[in-house]
Amino acid sequence: MAICLVVELNSLMLAIRRNLVKGTMLYRFCELSFFASWIALRLILYPILVIFMWFEYCRYREITGTWVNMMAAAPVFQFILTAMSIKWTYDLAGKIFFKNKA
């Protein structure tokens, strides 16, 4: 599903932020945009897409009459992407909240 590529806006904000001078307004805007898009896309949209793709798979399964069809991979891979996003969120939160403790 092409909607999964919207997460690349999050990657764009990260790339722009890395090339700006820290402390500027534009840096702060990109930083806030990065975190806002991280939450909106990776923690809200991706889990919703797992459910949506599961129902699409079930609908297509009813149409084709077989458990194995071209939609079978979609919910599996979306679940993997969602799990990776949750793991990366855990890693990112660790960097933010425990950066002074080492």
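Just to verify a result, which residue in segment 60-71, among those that are surrounded by 15 or more Cβ atoms within 10 Å (Cβ to Cβ) and of a type outside the set (F, W, Y), is farthest from I3 (Cα to Cα)?
R61
Find the residue count for segment 33-54, including only residues that are surrounded by 15 or more Cβ atoms within 10 Å (Cβ to Cβ) and β-branched (V, I, T).
The number of residues fulfilling the criteria is 1.
Among the listed residues Y27, Y57, identify the single one that is touching a Pro at 6+ places or on another chain (Cβ under 6 Å) and surrounded by 13 or more Cβ atoms within 10 Å (Cβ to Cβ).
Of the residues listed, the single one that is touching a Pro at 6+ places or on another chain (Cβ under 6 Å) and surrounded by 13 or more Cβ atoms within 10 Å (Cβ to Cβ) is Y57.
Read the figures in this text as sums done on the coordinates, not as results from a lab. Keep in mind the model is a prediction, meaning the values are calculated, not measured. Cβ: placed from backbone, ideal geometry, glycine included. Neighbour counts: every protein chain shown.
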